[in-house]
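Everything on this sheet refers to the single structure shown next.
FYI, it's all coordinate maths here, none of it is from the lab. Quantities reported herein were computed from a predicted structural model and do not represent experimental measurements. Cβ: placed from backbone, ideal geometry, glycine included. Neighbour counts: every protein chain shown.
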Amino acid sequence: MTLQTLSIPGKELEVLGLQASTRVHYQLSPEELVEQAVISGEGVRNDTGALCIRTGEFTGRSPQDKFIVKDAVTADTVNWNNFNIPIDEKYFHQLKEKMMAYLNQRPAVWVRDAAACADPAYRINIRVINENPWSNLFAYNMFLRPSENELENFKADWHIIQAPGFKADPAVDGTRQHNFAIVSFTHKTILIGGTGYTGEMKKGIFTILNYVLPHEKNVLSMHCSANMGNEGDVAVFFGLSGTGKTTLSADPARKLIGDDEHGWTADGVFNFEGGCYAKTIDLTEEKEPEIFHAIRPGALVENVTFLNGTNTIDFTSKEITENTRVSYPLSYISNAQEPAMGGLPANIFFLTCDAKGVLPPVSKLTPGQAMYQFISGYTAKVAGTEAGVTEPKSTFSACFGAPFLPLHPGQYAEMLGRKMKENKVNVWMINTGWSGGAYGEGSRMKLSYTRAMITAALNGDLNNVHYEAHPVFGMEVPQSCPGVPAEILNPRSTWSDPAAYDVKCTELAKEFIQNFKKYADGVNEEILAAAPKV
Ligand code: ATP
Ligand code: MN
């Protein structure tokens, strides 16, 4: 096993506060990291060779514990809100010092040099310091992997210091509770403690890019997946968690650019990341073959359980969490685009998982409607997971990614609007959620139908079909679509009680209008006119 210490030339770990006596595992291969995790008992290989671990107390992000240091750089630029919570710089220094003292007392730490942004013009170098090998494997899978040559002269632009076992003391450390993620734009460092949920690292870097790229580089950062057809036509898929970005961008007929985070420049789109982070709940080989086959050596599977007496993952089990995940390098998808860049988008999809069963499964938006929907960022989740009927709960998250946006949503929306006009992009709305009634009555749209709708939109098969405007939301609804039964295209006619549909539809329209009030002052007539009519 490679054991390297601080003598790694030019690595400057001392400046972080790592002592010379601390054992550092630098830049280990995935095989070495997996071996270490298995030997220490932190992980187990499943029957296809992937490393399966448990992230501990936290199996998802904790938005209420994510802070941005409020200082001269951020005070007037960050849009302080429920997701951008200010913290005093003194707590950042205090916690960083405590974390380094904690790490110096560990048997070893894992250090990895990585990068973000596939477009070399915007690349940032990231040095990740972890308490355990599997968190370091996550960094290997999800960030860009520098070449030997790049490592020679590697200079970190940003640092992530991540110690799941370190707990803050809220009484003296300025945090809400023992776990935290703190971003300092001045010190270009992200501190993550008290949580082993790996997604905090990836979304931490996403947060900083959502600040740096639009604010300093005139690049639109987006919470979306992206893929590309054989003719080089790029499609991007915006959507909140669980709406289908990862699932729908893995399309055997198109090259995958990325599944979650992208930038849009004057020349095209590029992925921020080097890997995918897919949900595995109810995963089947038949429905999602690309993701299923990515679960192999090197992949990191989180919070799953095995079928009794085997090392076979029980993908149906929610025993630990519903948010079971797997991370793997982009190249594990058979048709990944390398480097992960493409031209200007020809089609934009807004994905929503409308558990109310109101929005059409596929529709076309005018530029005004597109802006209205982008600012609204709607999805409806099922509130509880208990048996019986639970009311779907609407979520409005500006730009389909409010938790990750340090700037005012208007800044992203304005850039998107400009780019859509300049490039004459088609904008579609896809409801991957309920049909035939709300949650409890109807059922989720079949994945094969959603895929057929997207394929039809991309192939131009929806260019010459008959459309009808939705009476309340206004979007144009195609009345036929290859591979999809015509009767499911109009949601109202899929409900056994159309009058109940109208009630639900009015209810949702009112929620949209209520939510939009806070943006109404800052937008033009064209966007305001795209509001639903009640
Ligand atoms: P996150 O931002 O959390 O990564 P995501 O937008 O990438 O979320 P997915 O991971 O693709 O979302 O989750 C969509 C889930 O819904 C998957 O588990 C998928 O199998 C399931 N699903 C069921 N029906 C559909 C459908 N019609 N379209 C898309 N996904 C569907
Ligand atoms: Mn995803």
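Brief remarks follow.
- Global form of the range 315-375, assessed from the alpha-carbon gyration tensor, a/c cut-off 1.5: oblate
- Cα gyration tensor, the range 422-510 - rounded (a/c under 1.5), prolate or oblate: prolate
- Residues HIS25, HIS466, sorted so that the one with the fewest Cβ neighbours within 10 Å comes first: HIS466, HIS25
- For the chain, the longest principal axis of the alpha carbon atoms and the long axis of helix 367-376 meet at an angle near 50°.
- Partners for LYS504 among aspartates and glutamates (Cα-Cα distance below 14 Å; same-chain residues under 8 apart left out): ASP354, GLU391, GLU441
- log10 of Debye I(q)/I(0), alpha-carbon scatterers only, for the range 290-346 at 0.21, 0.27, 0.31 Å⁻¹: -0.86, -1.13, -1.28
- Its Cα centre serving as origin, the chain has a Cβ charge dipole (Lys and Arg +1, Asp and Glu -1) of approximately 540 debye.
- Beyond 30 Å in Cα-Cα separation lie the following of the pairs LYS245/LYS318; LYS318/LYS533; LYS446/LYS510; LYS66/LYS155; LYS217/LYS245; LYS90/LYS518: LYS318/LYS533; LYS90/LYS518.
- Mean-position separation - Cα centroids, the range 275-349 and the range 80-105, in angstrom: 32
- Inter-centroid distance (Cα atoms) of the range 36-50 relative to the range 131-197, Å: 23
- Cα gyration tensor category, rounded, prolate or oblate, for the range 159-285 with a/c compared to 1.5: oblate
- Relative to the longest principal axis of the Cα atoms of the chain, the long axis of helix 199-217 lies at roughly 70 degrees.
- Long-range HN-HN contacts of LYS66 with modeled amide H, under 5 Å: ALA181
- With the convex hull of its Cα atoms as the shape, the chain has an orientation-averaged projected area of 24.3 nm².
- Think of the chain as a dipole: +1 on every Lys or Arg Cβ, -1 on every Asp or Glu Cβ, centred on the Cα centre; then among SER327, MET429, VAL301, MET429 lies furthest on the positive end.
- Summing Cβ point charges (Lys, Arg +1; Asp, Glu -1) relative to the Cα centre of the range 30-118 gives a dipole of roughly 200 debye.
- Hits among aspartates and glutamates - C-alpha to C-alpha of LYS70 under 14 Å, sequence gap 8 or more where chains match: ASP88, GLU89
- Charge dipole of the range 388-529 about the Cα centre (unit charges at C-beta), most positive-ward option of MET475, ALA456, GLY401: GLY401
- Residue list for the range 24-38, given a label point 7 angstrom along the Cα-to-Cβ vector of ARG45 and an amide N cut-off under 15 Å: 30-38
- For ALA278, the shell of other residues with beta-carbons less than 11 Å away shows a net charge of -2, using +1 for Lys and Arg and -1 for Asp and Glu.
- Across all C-alpha atoms in the range 484-534, the radius of gyration and Dmax reach 14.4, 42 Å.
- The loop-placed GluC sites (Glu not before Pro) in the range 250-298, going by DSSP, that have at most 14 neighbouring Cβ atoms within 10 Å of their Cβ come out as GLU285, GLU286.
- Our estimate of slack between SER21 and GLU97, defined as 0.36 nm per intervening residue step minus the Cα-Cα distance, is 25.7 nm.
- By the rule of a C-alpha distance below 18 Å, with chain neighbours fewer than 8 residues away ignored, the lysines paired with LYS421 are LYS364.
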